[in-house]
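Notes for the one structure printed next.
Each reported figure results from applying straightforward, stated rules to the coordinates on display, with no laboratory input. What you are looking at is a predicted structure, and each value in this text was computed from that prediction instead of being measured. Cβ coordinates were reconstructed from backbone atoms using ideal geometry, including for glycine residues, and neighbour counts include every protein chain displayed.
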Ligand SMILES: [Zn+2]
């Protein structure tokens, strides 16, 4: 509600074309309500449990309505709602075909949300939307070839090439979290063994730490982590920052795998910048240092690596970057991709182009 200066006369009510971005995470939903120019009117964080998929749209719509209420707005003020989902998404149909970490499959989330909110709804994979948003908003400068590597409950990358979001044939380009890197490694949510995600995601780091704590107890090695109930990746990085040897060993191992992922992304896509984000990355320097160290080691090994892994190749987003929610706002601004005449995509594998 805005008032004009100190006067009692309320400003005339104007319909504002607002954009709403919804980032659906493994443990929380983040909603941003912005003006078309990017000014934030409301930001809402709501926890999600293991929401059964038939209730997902209602839950998201409720958080969106609450956020709009905080912004003094209603769904009528909204141009479009963008939703980023951690999983495989069909942007044309607005459906989620598979989101392993949420337990969703074949969910027509877009149409359901449109029915509940009465406004157009645009869906995309969360990390790909984030990568698109980082590019469109020039968050890391005027770079047209970049990859966004998100490390949180899941691990995935979004790739922008020549200034366009590269989705690939099935919208899965950058799904590096489910590349098997250690066939004897722990089981992954996708059913494989030893995927990158099973080694460096938040839950994976917690699991590695629990095992390291058990070994430390057997070997009579002191670690403050032994007194922490339900160890999380946040505890592990905090202990590592305090110099705990057991935690340092875990985060060093994670750093080596992530350096491998950075190397693979750079060599595969020849991007200029790898942007790191996601909940685990919020540990900041303690998270980044082992990756940088391992990249340095790789550089020593070859001229090619030295050329491709330049010191400026990595950029860590600050914890308050909200890349997922801003990505969702960005796709909302672009609207739903249209199927070309004849039911074919305008260009297979490249939605979200201008
Ligand atoms: Zn996997």
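With the cut-off at 1.5 for a/c, could you classify the stretch 259-343 from its C-alpha gyration tensor as rounded, prolate or oblate?
Cα axes put the stretch 259-343 in the oblate bin.
Helix 245-269 versus the longest principal axis of the chain: what is the Cα-based angle in degrees, 0 to 90, to the nearest 10?
The helix 245-269 is inclined about 60 degrees to the chain.
Relative to the present Cα-Cα distance, how much length would full extension add between residue 184 and residue 162 at 0.36 nm per residue of separation?
4.2 nm
Ranked by Cβ crowding within 10 angstrom, fewest neighbours first, how are 132, 334, 287 ordered?
So the ranking, lowest neighbour count to highest, is 334, 287, 132.
How large is the Rg to Rh ratio of the stretch 192-326 when both quantities use alpha carbon positions and Rh follows Kirkwood?
Reported Rg/Rh (Cα atoms, Kirkwood Rh): 1.00.
Using 0.36 nm per residue of separation minus the Cα-Cα distance, give me the extension gain between residue 115 and residue 226 in nm, one decimal.
35.0 nm
Would you calculate a helix-derived [θ] at 222 nm for the chain, using -39,500 (n - 2.57) for each DSSP H run of n ≥ 4 and dividing by the full residue count, to the nearest 500?
That calculation yields -11500 deg cm²/dmol at 222 nm.
Take the alpha-carbon centre of the stretch 57-127, take the same for the stretch 145-219, and report the distance between them in whole Å.
Here the two parts' Cα centres lie 25 Å apart.
Calculate, in nm to one decimal, what residue 97 and residue 313 gain on full extension: separation in residues at 0.36 nm each, minus their alpha carbon distance.
74.4 nm
Roughly what % antiparallel, to the nearest 5, for the DSSP beta bridges in the chain?
60
So if the hydrodynamic radius of the chain is defined as the Kirkwood radius over C-alpha pairs, what does Stokes-Einstein give as its diffusion coefficient at 4 °C and 1.567 mPa s, in µm² per second?
Using the Kirkwood radius from Cα pairs, D works out to 61 µm²/s.
What's the ranking of 292-302, 138-148, 153-163 by average number of surrounding C-beta atoms within 10 Å, highest first?
Highest to lowest by the protection proxy: 153-163, 138-148, 292-302.
In which sequence would 190, 121 go, from the one with the fewest C-beta neighbours within 10 Å to the one with the most?
190, 121
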